[in-house]
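First comes the structure, then the notes that go with it.
Each reported figure results from applying straightforward, stated rules to the coordinates on display, with no laboratory input. Since we're looking at a predicted model, the values are computed, not measured. Ideal geometry is used to build each Cβ from the backbone, glycine not excepted, and the neighbour counts take in all protein chains shown.
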Amino acid sequence: MIKTRILSAMALASMISMPLAQAQTSGCNNNTSGTDMIGRLANKENCLNNRVQNLQQKNRDAVEARQKKIDDLRDKYTNAPEREREKLQGKIDEQKNKLNQVTQDRTKQIDQLRADQKAQHDRIKALSSKTRQDFRNLGRLN
């Protein structure tokens, strides 16, 4: 009786750990010493953190580039004749719209990555409490 429960618990643990073993994030440094489940999960979390930081940096760079373009167009606008001012104002408005769109898109991506991190943390927490509860129940059944 006890052997079947132990075997079923081991089978359940192996079934749960298989998807986690394949949960490596591409493009990350997987050469660390984390070969166990906790190490792989820590590596995945580090990869997600790196992706968030990279997206934030790209966002800052894109915003700075757009802002520079807007400033350059404003300089042209102040020195331009009346007819060209209308064209330049249209370009300035277009760049502002692109700047807002880039900011919104990057913010959505970063929010999604953070939500993925939180979901992973919640899954780990649930798995931990389930495992603890299973071991407590196993001890009571003896």
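In Å³ and rounded to a whole number, note down the convex hull volume per residue for the Cα atoms of segment 52-142.
Considering the Cα atoms of segment 52-142, their hull volume per residue is 59 Å³.
Quick one: length gained pulling N79 to N49 fully straight, 0.36 nm per residue minus the C-alpha distance?
6.2 nm
Could you pull out the pairs from K76/K98; K76/K108; K87/K108 whose alpha carbons sit more than 25 Å apart here?
Result: K76/K108; K87/K108 exceed 25 Å.
Please compute the modelled spin-label separation between K118 and N100, points set 7 Å along Cα→Cβ, answer in nm with one decimal.
2.6 nm
Compute the length gained on full extension between K68 and M37: take 0.36 nm times their separation in residues and subtract their Cα-Cα distance, giving the result in nm to one decimal.
Separation in residues times 0.36 nm, less the Cα-Cα distance, equals 6.5 nm.
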